[in-house]
Every structure is written in C-alpha cells, then in structure tokens.
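Q: Below: one structure in structure tokens.
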C-alpha cells in the first residue's frame, strides 16, 4: 500500500489550490488523532483523511468516483477507497459509512473546515485559544463558513455516539496536536 508521503504527493498532483491541500492536512490530523484514541491504524486513517477530497478540484462533478479510479490505479485498498466514497454519503454517493473509520471521516470532514474558519477569524489566528463555546457560536451562525453543512456534522456526531460539543472538543484537540498552522 502506498504510504503517507505517496498520498501527499498524489493529493498535490490533483490539487493546486493551497486551501484544498490544507483541508486535506486538517482532516488527516483529525483522522490520525481519532485512530490513536481508538487504537486503530494511524497511518491508514491519516491517508483516508488526506485523500478524501482528492478529485474535488479537478473533477467536482465526479467527486469521489474519480478518486476511486485514481486511487485504485495507484494501489490503494478497497477499504480506503470505500471510506473515501462514504464521506459524501447522501451528497453525491449512496455509500453509507459503516466502519468506525468511515463514520469518523464523515463526522470530522465538515467540522474541521468550520474549526479552521474559526481559527482564521480569531485575533490570535491560533487554535491554542479556541474553545468549544466559540465554535458552537459560529456553528449556529448559518452565514459563517456557509459552505459547512451543519446537518452533516450533526449526523456525524450521532454516528459516533457523541454529543456535538464532545465532537467539537475532539476536533479542536486533534488539530492542536496534529496540524501545523502555516501562519503560526
């Protein structure tokens, strides 16, 4: 199976947008954190997070489906490809997240984007002083980070059996521990 370095190279090959690469790194950070806490394969989960939007920039109309093709050709396992397909359940695929890895990706994808947006508008531009209360306030404001689907975040928390506040706290901590903010 290709390793993390291979995955990052692949992500950058298909995504020239720095924002999309950074989003992949943020979701990778979350997946690695959750895998460690669940005593799962951290590298596998991290690769799933890193590559989840592999095709989004170049093939938005074929999102997830083009990723499956690209990843199959690159030697990724069916398990990893299925996880990536499942993150868009109800949006552009009908592949329901079943495994813990799939449910975690579904839960953290949109939320990591919201947490990142919260960091970027803070005076400190740092995740170190970001709390659940601040994220929750922005979560309730539909105009803030309007592209973040709040219903997907709620469904993801339910899939994991977590309260929304608990999921937010875990994503903040994951990004504190595993993601380096380029501006800090």
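Q: Residues to consider are 68, 83, 29, 117; find the one that is buried (at least 16 other Cβ atoms within 10 Å of the Cβ), part of a helix (DSSP H, G or I) and in contact (Cβ under 8 Å) with a residue 40 or more places away in the chain.
A: Numbers: 68 fails: in contact (Cβ under 8 Å) with a residue 40 or more places away in the chain; 83 fails: in contact (Cβ under 8 Å) with a residue 40 or more places away in the chain; 117 fails: in contact (Cβ under 8 Å) with a residue 40 or more places away in the chain.
Result: 29 is the single residue among 68, 83, 29, 117 that is buried (at least 16 other Cβ atoms within 10 Å of the Cβ), part of a helix (DSSP H, G or I) and in contact (Cβ under 8 Å) with a residue 40 or more places away in the chain.
Q: Determine, yes or no, whether residue 126 is exposed (fewer than 15 other Cβ atoms within 10 Å of the Cβ) and either more than 24 Å from residue 45 (Cα to Cα) or in contact with a strand residue (DSSP E or B) (Cβ under 9 Å, 6 or more places away or on another chain) (or both).
A: Yes; evaluated as a whole, the condition is true for this residue.
Q: Can you confirm whether the stretch 138-147 contains a residue that is surrounded by fewer than 16 Cβ atoms within 10 Å (Cβ to Cβ) and assigned to a helix (DSSP H, G or I)?
A: The answer is yes, given that some residue of the stretch 138-147 is surrounded by fewer than 16 Cβ atoms within 10 Å (Cβ to Cβ) and assigned to a helix (DSSP H, G or I).
Q: Looking only at the stretch 1-26, count how many residues are assigned to a helix (DSSP H, G or I) and in contact (Cβ under 8 Å) with a residue 24 or more places away in the chain.
A: Summing the residues that are assigned to a helix (DSSP H, G or I) and in contact (Cβ under 8 Å) with a residue 24 or more places away in the chain in the stretch 1-26 gives 13.
Each row is one residue, and each column tells you yes or no for (1) part of a helix (DSSP H, G or I); (2) in contact (Cβ under 8 Å) with a residue 40 or more places away in the chain.
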{"position": "112", "(1), (2)": "yes, yes"}
{"position": "135", "(1), (2)": "yes, no"}
{"position": "154", "(1), (2)": "yes, no"}
{"position": "157", "(1), (2)": "yes, yes"}
{"position": "169", "(1), (2)": "yes, no"}
{"position": "172", "(1), (2)": "yes, yes"}
{"position": "181", "(1), (2)": "no, yes"}
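Q: If you don't mind, another one. Output the number of residues of the stretch 35-58 satisfying the condition of being within 19 Å of residue 77 (Cβ to Cβ) and either without any contact (Cβ under 8 Å) to a residue 60 or more places away in the chain or not in a loop (DSSP other than H, G, I, E, B) (or both).
A: Adding up the residues that qualify gives 16.
Q: Does at least one position in the stretch 97-105 carry a residue that is touching a helix residue (DSSP H, G or I) at 6+ places or on another chain (Cβ under 7 Å), in a loop (DSSP other than H, G, I, E, B) and either touching a residue at least 24 places away in the same chain (Cβ under 8 Å) or exposed (fewer than 13 other Cβ atoms within 10 Å of the Cβ) (or both)?
A: Yes - at least one qualifying residue is present in the stretch 97-105.
Q: If you go through the stretch 76-86 one residue at a time, do you hit one that is within 23 Å of residue 155 (Cα to Cα) and touching a strand residue (DSSP E or B) at 6+ places or on another chain (Cβ under 9 Å)?
A: Going residue by residue through the stretch 76-86, those that are within 23 Å of residue 155 (Cα to Cα) are 79-86.
Remaining after also requiring touching a strand residue (DSSP E or B) at 6+ places or on another chain (Cβ under 9 Å): 85-86.
The answer is yes; a qualifying residue exists.
Readers should treat all values here as calculations from the given coordinates under stated rules, not as data from a laboratory. As the structure is a prediction and not an experimental result, all values here were calculated from the model. Backbone-built Cβ (ideal geometry, glycine too); neighbour counts: all protein chains shown.
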